[in-house]
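Data first, discussion second: the structure below is written as structure tokens.
The values are calculated or read from the model by the stated rules, or taken from the named source; none is laboratory data. Computed from a prediction, not measured in an experiment: that's the story for all the values here. Cβ coordinates were reconstructed from backbone atoms using ideal geometry, including for glycine residues, and neighbour counts include every protein chain displayed.
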Amino acid sequence: MCSLSRAVITEFVFLCLSPEALVINDPDFQHEDLNFLSRSQRYEQAIRKSSLMVMKLREYGIADPEEIYWFKRTCLGNFIEPFGLHFSMFHKTIETQTTDAQKKKWLPLVRGVKIIGTYAQTEMGHGTHLRGLETTATYDPATQEFILNSPTVTSIKWWPGGLGKTSNHAIVLAQLYTQGQCKGLHAFIVPIRQLGTHEPLPGITVGDIGPKFGYDEMDNGYLKMDNFRIPRENMLMKYAQVEPDGTYVKPVSDKLTYGTMVFIRSLIVGDSARSLSRACTIAIRYSAVRHQSELKPGAPEPQILDYQTQQYKLFPLLATAYAFHFVGAYIKDTYHRISGDIHDGDLSELPELHALTAGLKAFTSWTANAGIEECRMACGGHGYSRCSGIPDIYVTFTPSCTYEGENTVMMLQTARFLVKSYNQVSSGQRVTGMVSYLNDLSRQRIQPQHVAGRTEAVRINDPVSLVEAYKARAARLVEAAAKNLQAELNHRKSKEDAWNRTSVDLVRASEAHCHYVIVKLFTAKLSEISNAAVCAVLTELCLLYALYGISRNAGDFLQAGILTDTQITQVNQRVKELLAVIRPNAVALVDSFDFHDVHLGSVLGRYDGNVYENMFEWAKKSPLNKTEVRKPYLVGLNDLWR
Amino acid sequence: MALPDTTEDTQGFGLASVNPDLASERLTASFSVPRLTAVLDGGAERTRLRRAVVDVIESDPVFSRENQYFQSQNERYEAAVRKAVHVRKKMQEMGWSEDGPESVYVYRALSGDVAFLLHRVFMRSISVLGSDKQVAKWIPLASEYQLIGSYAQTELGHGTYLQGLETTAVFDISTQEFILNTPTISAMKWWPGDMGRSATHTVVFAQLYIQGKCYGVHPFIVQIRSLQDHSLCPGVIAGDIGPKMNFEHIDNGYLMLKNVRIPRENMLNKFCEVQPDGTYIRRGSQKINYFTMTSVRVSLISDEVILPLMKACTIAIRYSVVRRQSKLKPGEEEAKILDYQTQQEKLLPQLAAAYAFHFINNYLHELFNRGYREIQGRNFDSLPELHAFSSGFKAMVTQYCTSGLEICLRACGGHGYSLLSGLPSLYTKILASCIYEGENTILLLQTARFLIKCFRAASAGQSVPPSVTYLAAMKPGKCTAKDKLDFLSPDIYTEAYQHAAIRLISSTAAKLQDLIQSGVERHEAWNQCTVQLVQAAKAHCHYITVKNFVETVEKLENTAGIQNIMKHLCDLFALHGIFSNAGIFLHDGYITGAQMDMVTASYLDLLGIIRKDAVPLVDAFDFTDKNLNSALGSYDGQVYQRLYEWARKAPTNKQISPAYEKYLKPLLHNKLSKL
């Protein structure tokens, strides 16, 4: 039935064969099913695996943070580990924000894992809004030290991974005070535990923040500092500096910190794609195995994947997973392309990339978050069991809607850029890049019939034409938001108040912009695929992605006159036809994601489809079936029966 | 304020200890909070009764949920059994009966964190499906807990689709027994609560065979564990199905039966009977088997779905006035996050929905109680409507509340993700409601089937049940609103909803007809229309909910500001629905693009109006701190102190992890090879 082999799609789309062999069969990495372990046990297992991983990294000579990230992703799957921030933020920050002298001192310790570090930014009272952080670092010229303090309950560092039990150092973000003045947020390397004994240092209160929705194996921690002194050299001084006498030297540009943010957010876009792909793999394979009810009286029970409603739940998500994959790759490439420019001091492209990644981080993580839940629910009751693996994917993924920038705030950052670009166009300037469609708006104002005149032009079977439709929607919503903002400004004095009263519109505009970018990137990708069969099936997915989005946001397209109600009816009809077209390739399309059973961690999503036998085997391993039942039970019952 | 005991008093906090950011919210309420609480409870007398029950339960340390977030699955299970035993004692002590008004409040005060809930379903199914003789035999045993019951319907391979169940019960005339078997691995009973470790008996649904002929699914009482030593009975294999997203305290179980023999009298036979010679007799409708499901469905909506959303709104809204973040105006203090329009747009529609569903649930209960009385009198006429209604509403309410609760969770930023916020457990629990007692898509399709049938009947001039008479009254015309204020008129938006529902139902019916006439087989035509059918069923339920909210508000007494604020919430609920489903209303031009902009404007205005009453509106739900069990949502708003205190209690901070000595130390000293 399937017209494509998994290997063909994997090769042409993902262009990688994961080096799974390196680790996946390594007996050191085998462990009991984490679902049956307590939180403390899970933490211990994670530390064991992290330690082993460090050994492997040394063995293979892998040291670059991004390489380490991909090594972990491909070789260890969804492995959450207390060392995570050591290899990402701690290492990266020390690499990029220190002077040569500091590098010489710290990098060997970090790379050799002689110390374990984390990145302590978020406080109990403040997250995304960095300027609100309250931790202080006051310079004392007499001793040439910074004195660190957590002045309030809300200023206690809260959430950093690996902080609770594992790390002995942290990069702490604090408000710098020198010569009686606050100079804003700066980063400091702070030792928190005694090397050798691992006891917290005097003046440091540190611990675990307790159980969470997921991340059981992670010791997210709190950190409270009371007059804790560190030497002047522990401030990261590549950009801003404090001289021995306390004189503050300003950094050249504040845009430089964008680089790291863009990097981390691009990783989240990739994560959105991967997490959604995992959930789709499980749900689609299981839907091919599960037979239920009847389509035709008297006939055997059909695979539930043959029901239109089931296809309607899952295939648009499958298309979304592919779309996000391409978007993630695009951002990663763009980041690498322009990080060379950044290094040379050319920051011209950075604001747009920063705005774009903020929005795409929010758009993709929100969509993937909801999509994973859809996949779980499409698996019926068994999706709710831990054995399905989807609950784990969800709880691990869902915090990405919040961390590295709360999504609504991210959308508003993108909106700020869009409004700025719109205003530039209004004042006669031209804008470039992904927002260049705003240039056309001025022409439309001269020809008011332009938008309506385009109606007939949208061809619902042509991705390129659909990109234009999305473009028109984005332009219309950006313009509406910008105009509403202006109207509010005309009524009120405060800019901030006007902004707040327009923020629902602004978020919608950003969403429409991101949606356009995704459809555009997906469509652009099609022409790069040389294998005809792969290109054909991806074109179907791309059409489904674009048309489903129109169907779900029909109001926007109707209201702007981009599509007529007849066309919307055609779009709805075409979506259903595409479901049937994609159906024969559905399993091949998820097989192409190429997740190994061990990484998928799902009984429902097994490659061999032997679901029920293995569910029973899995359940038998449950600790509740191992403990003595009768004793505590009878205590209760005897009591009951008196 | 009419009632003497204000919320403040029962919470046991002096105003002085309340976070000023939260206290100030309570000073400006436009309505009387105690009066609204009384409306929600169904009268001030009920409020007093509820509080008295809550007081008794919460002052007893056995019922404490204080350490719940730190407990293992085993500890949770044991605590739930202990509570189940203790609650019975307590109720006897207090003189509260199982079917008295107090018992529902007892269950709520425990937040469902108690074992033997399926025991009630066991009893209910015997009461409904059993003959008088069976009721007389089993109900006293069950009420006295001489046995513990469960309800085994779902199998590994089949859930909502009952006809597909594979367990068999073969009648053996020679011994007058049924022989029960699990013929395949997918036939294993899977998921029933209380069955993994606790239950001694269970109602098993199995395909009945007499002399080689299959008579379909029937219920049988089967003993699975010894009443002496609790060991499994011969031929029975049972155990726990392993960890789930929530319900750690419940031993959801599996059950395999191998030639288990039960006496003929153990088939529940009020409606069907197998006589000693093997003759099969049916009395009444076969649909009656669905009735237990319908009844469970109706009873769970309030406690398992609407209350959790109310709790989540309480937590998220209180936290949103305590959390200050960023500045709205330069130089000013950081703003409460509830003052941001985007935060209001997340939370306030959920609050409005909680109220809307509370009222539609009352309506559903009336309908159900009437139907129940009729069925007791063997009149099955109302069953189709009741079934269609309860299906669609269960699906709509669970889906809406689930996503609403997730929005609340995510609106609390990082701290929402901590179990100590209370939100993750509320969320993972409500999630299950989308699946149990009927998978939502299937339920919506059942409602759709009913709607299509009624639409055809109505078009042919036949009479239809009262809830769907509107289908006969398709009026041409457009929305008449001229400015944004017109959209605050219930007539305007109710008609828009009605129009959308009729349009979706009639166009789907027409499409179905076209397909069939063009030669597509009936079942295939149905499958090709299911996406639209689901949409039509949702539109119907949404319309009925809006209409019911409007009618409820009209009936409220206009004192103490209650009617005003409820009118605002009703408007918000209705306009949020139009705003979020704009395509449906714009599609045939019933609402124009310009009118849609008015809807948006009115909708955003309402957010600002309701914002002022947001905290009083959640206070009116009257949850105690113990019941919320949330570090973020407590009445006094001392969020950060509580979060810090609770975190320090975490066992991870008390135990010394062996991980340092075993792994970290060798790693840091480069002696990894010794691992």
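Of the residues that sit in segment A:201-251 and are farther than 18 Å from A:HIS186 by Cα and of a type in the set (Ser, Thr, Tyr), which one is surrounded by the fewest Cβ atoms within 10 Å (Cβ to Cβ)?
Top of the filtered list is A:THR205.
Look through segment A:285-325, keep the residues that are farther than 19 Å from B:GLN163 by Cβ and among the aromatic types (Phe, Trp, Tyr), and return whichever of them is nearest to the other protein chains (Cβ to nearest Cβ).
It comes out as A:TYR312.
Look at A:ARG274 and say whether it is farther than 30 Å from A:ARG606 by Cα and either within 14 Å of chain B (Cβ to nearest Cβ) or in a helix (DSSP H, G or I) (or both).
No.
Within the group B:VAL81, B:VAL114, which residue is in contact with a Pro (Cβ under 8 Å, 6 or more places away or on another chain), within 19 Å of B:LYS244 (Cβ to Cβ), buried (at least 18 other Cβ atoms within 10 Å of the Cβ) and within 13 Å of chain A (Cβ to nearest Cβ)? Write out each step before concluding.
Values: B:VAL114 fails: in contact with a Pro (Cβ under 8 Å, 6 or more places away or on another chain).
Of B:VAL81, B:VAL114, the one residue that is in contact with a Pro (Cβ under 8 Å, 6 or more places away or on another chain), within 19 Å of B:LYS244 (Cβ to Cβ), buried (at least 18 other Cβ atoms within 10 Å of the Cβ) and within 13 Å of chain A (Cβ to nearest Cβ) is B:VAL81.
Confirm whether B:ASP597 is among the charged types (D, E, K, R) and either outside any helix (DSSP H, G or I) or crowded, with 18+ Cβ neighbours inside 10 Å (or both).
Values: among the charged types (D, E, K, R): yes; either outside any helix (DSSP H, G or I) or crowded, with 18+ Cβ neighbours inside 10 Å (or both): no.
So B:ASP597 fails the test.
Please determine whether any residue of segment B:148-162 is aromatic (Phe, Trp, Tyr), touching a Phe, Trp or Tyr at 6+ places or on another chain (Cβ under 9 Å), surrounded by 18 or more Cβ atoms within 10 Å (Cβ to Cβ) and within 14 Å of another protein chain (Cβ to nearest Cβ). Talk me through it step by step, then tell me what you get.
Step one: of segment B:148-162, the residues aromatic (Phe, Trp, Tyr) are B:151, B:161.
Narrowing the set further to residues that are touching a Phe, Trp or Tyr at 6+ places or on another chain (Cβ under 9 Å) leaves B:151.
The next check asks that each one be surrounded by 18 or more Cβ atoms within 10 Å (Cβ to Cβ); those that pass are B:151.
This time we only want the ones that are within 14 Å of another protein chain (Cβ to nearest Cβ), so: none.
No, segment B:148-162 has no match at all.
Can you find a residue in segment A:412-429 that is at the interface with chain B (Cβ under 8 Å from one of its Cβ atoms), part of a helix (DSSP H, G or I) and either in contact with a His (Cβ under 9 Å, 6 or more places away or on another chain) or over 29 Å from B:ASN440 (Cβ atoms) (or both)? Give the derivation first.
Initial filter on segment A:412-429 (at the interface with chain B (Cβ under 8 Å from one of its Cβ atoms)): A:412.
Filter once more, so that each one left must be part of a helix (DSSP H, G or I): A:412.
Adding the requirement that they be either in contact with a His (Cβ under 9 Å, 6 or more places away or on another chain) or over 29 Å from B:ASN440 (Cβ atoms) (or both) leaves A:412.
The answer is yes, given that some residue of segment A:412-429 is at the interface with chain B (Cβ under 8 Å from one of its Cβ atoms), part of a helix (DSSP H, G or I) and either in contact with a His (Cβ under 9 Å, 6 or more places away or on another chain) or over 29 Å from B:ASN440 (Cβ atoms) (or both).
Residue-wise test of (1) within 11 Å of another protein chain (Cβ to nearest Cβ); (2) over 29 Å from the mean Cα position of the chain (by Cα).
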site	(1), (2)
A:LEU201	no, yes
A:THR205	yes, yes
A:LEU223	no, no
A:LEU236	no, no
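Collect the residues in segment A:563-612 that are touching a residue at least 12 places away in the same chain (Cβ under 8 Å) and over 27 Å from A:ILE390 (Cα atoms), keeping them in residue-number order.
The first filter runs over segment A:563-612 and keeps only residues touching a residue at least 12 places away in the same chain (Cβ under 8 Å), leaving A:563-564, A:567-568, A:570-572, A:574-576, A:578-596, A:598-607, A:609, A:611.
Across segment A:563-612, the qualifying residues are A:LEU563, A:THR564, A:GLN567, A:ILE568, A:GLN570, A:VAL571, A:ASN572, A:ARG574.
Would you mind stating whether B:ILE591 is out of contact with any Gly (no Cβ under 6 Å at 6 or more places or on another chain), of a type in the set (A, V, I, L, M, F, W, C) and either under 25 Å from A:GLU488 (Cβ atoms) or surrounded by fewer than 20 Cβ atoms within 10 Å (Cβ to Cβ) (or both)? Before the answer, list the steps.
Details: out of contact with any Gly (no Cβ under 6 Å at 6 or more places or on another chain): yes; of a type in the set (A, V, I, L, M, F, W, C): yes; either under 25 Å from A:GLU488 (Cβ atoms) or surrounded by fewer than 20 Cβ atoms within 10 Å (Cβ to Cβ) (or both): yes.
So B:ILE591 passes the test.
Return the only residue of B:PRO330, B:PRO276 being over 30 Å from B:PRO616 (Cβ atoms), out of contact with any Lys or Arg (no Cβ under 8 Å at 6 or more places or on another chain) and either in a loop (DSSP other than H, G, I, E, B) or acidic (Asp, Glu) (or both). Give the derivation first.
On the way: B:PRO276 fails: out of contact with any Lys or Arg (no Cβ under 8 Å at 6 or more places or on another chain).
The match here is B:PRO330.
Okay, residues lined up against (1) crowded, with 24+ Cβ neighbours inside 10 Å; (2) within 13 Å of the chain's Cα centre (by Cα); (3) more than 12 Å from chain B (Cβ to nearest Cβ):
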residue	(1), (2), (3)
A:HIS336	no, no, yes
A:SER348	no, no, yes
A:ALA368	yes, yes, yes
A:ALA378	yes, no, no
A:ARG386	no, no, no
A:GLY389	yes, no, no
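Just the residues that are within 8 Å of another protein chain (Cβ to nearest Cβ) and part of a helix (DSSP H, G or I), please, taken from segment B:417-426.
Our first condition is that a residue be within 8 Å of another protein chain (Cβ to nearest Cβ); within segment B:417-426, this holds for B:417-420, B:424.
Answer for segment B:417-426, where residues must be within 8 Å of another protein chain (Cβ to nearest Cβ) and part of a helix (DSSP H, G or I): B:TYR417, B:LEU419, B:LEU420, B:PRO424.
With B:VAL170, B:VAL135 as the choices, which residue is without any contact (Cβ under 8 Å) to a residue 12 or more places away in the chain and either in contact with a strand residue (DSSP E or B) (Cβ under 6 Å, 6 or more places away or on another chain) or closer than 25 Å to B:VAL217 by Cβ (or both)? So that I can check it myself, show each step before the final result.
On the way: B:VAL170 fails: without any contact (Cβ under 8 Å) to a residue 12 or more places away in the chain.
One residue alone meets the criteria, B:VAL135.
Counting only residues that are within 19 Å of the chain's Cα centre (by Cα) and away from chain A (no Cβ under 12 Å), which one in segment B:526-545 is nearest to A:GLN311 (Cα to Cα)? Full working, then the answer.
Going through segment B:526-545, the residues within 19 Å of the chain's Cα centre (by Cα) turn out to be B:537-538, B:541-542, B:544-545.
With away from chain A (no Cβ under 12 Å) added as a condition, the list becomes B:538, B:541-542, B:544-545.
Working: B:LYS538: 19, B:CYS541: 24, B:HIS542: 24, B:ILE544: 29, B:THR545: 29 Å.
If we take residues in segment B:526-545 being within 19 Å of the chain's Cα centre (by Cα) and away from chain A (no Cβ under 12 Å), then B:LYS538 is nearest to A:GLN311 (Cα to Cα).
Given the criteria part of a helix (DSSP H, G or I), β-branched (Val, Ile, Thr) and either at pLDDT 95 or above or within 25 Å of the chain's Cα centre (by Cα) (or both), does B:VAL114 qualify?
Details: part of a helix (DSSP H, G or I): no; β-branched (Val, Ile, Thr): yes; either at pLDDT 95 or above or within 25 Å of the chain's Cα centre (by Cα) (or both): yes.
Spelling it out, it is not the case that B:VAL114 is part of a helix (DSSP H, G or I), β-branched (Val, Ile, Thr) and either at pLDDT 95 or above or within 25 Å of the chain's Cα centre (by Cα) (or both).
Mind checking which helices (runs of 4 or more DSSP H) fall wholly inside segment A:549-642 and carry at least 2 residues that are touching a Leu at 6+ places or on another chain (Cβ under 7 Å) and either modelled with pLDDT of 95 or more or crowded, with 22+ Cβ neighbours inside 10 Å (or both)?
Values: elements: A:554-559, A:565-582, A:586-591, A:597-600, A:611-620, A:630-641.
Fully inside segment A:549-642 and qualifying: A:554-559, A:565-582, A:586-591, A:611-620.
Looking only at residues in segment A:122-152 that are of a type in the set (A, V, I, L, M, F, W, C) and buried (at least 18 other Cβ atoms within 10 Å of the Cβ), which one is nearest to the other protein chains (Cβ to nearest Cβ)? Write out each step before concluding.
Step one: list which residues in segment A:122-152 are of a type in the set (A, V, I, L, M, F, W, C), which gives A:124, A:130, A:133, A:137, A:142, A:146-148.
Restricting the remaining residues to those that are buried (at least 18 other Cβ atoms within 10 Å of the Cβ) gives A:124, A:133, A:137, A:146-148.
Values: A:MET124: 5, A:LEU133: 11, A:ALA137: 21, A:PHE146: 25, A:ILE147: 22, A:LEU148: 18 Å.
Step by step, filter segment A:122-152, then rank; the result is A:MET124.
Report, by residue number, each residue of segment A:574-609 that is under 20 Å from A:TYR394 (Cβ atoms) and of a type in the set (D, E, K, R).
A:ASP597, A:ARG606
Which one of B:ALA647, B:ALA601, B:ALA631, B:ALA620 is in contact (Cβ under 8 Å) with a residue 60 or more places away in the chain and away from chain A (no Cβ under 14 Å)?
Details: B:ALA647 fails: away from chain A (no Cβ under 14 Å); B:ALA601 fails: away from chain A (no Cβ under 14 Å); B:ALA631 fails: away from chain A (no Cβ under 14 Å).
When all the criteria are applied, what remains is B:ALA620.
Of everything in segment A:82-109, what is surrounded by fewer than 23 Cβ atoms within 10 Å (Cβ to Cβ) and either within 14 Å of chain B (Cβ to nearest Cβ) or touching a Leu at 6+ places or on another chain (Cβ under 6 Å) (or both)? Give them in sequence order.
A:GLN97, A:THR98, A:PRO108, A:LEU109, listed by residue number.
Is it the case that some residue within segment A:525-539 is part of a helix (DSSP H, G or I), charged (D, E, K, R), crowded, with 19+ Cβ neighbours inside 10 Å and in contact (Cβ under 8 Å) with a residue 24 or more places away in the chain?
At the first step, the residues of segment A:525-539 found to be part of a helix (DSSP H, G or I) are A:525-526, A:532-539.
Right, trim to charged (D, E, K, R) and you get A:525.
Adding the requirement that they be crowded, with 19+ Cβ neighbours inside 10 Å leaves A:525.
Adding the requirement that they be in contact (Cβ under 8 Å) with a residue 24 or more places away in the chain leaves A:525.
Yes, the conditions are met somewhere in segment A:525-539.
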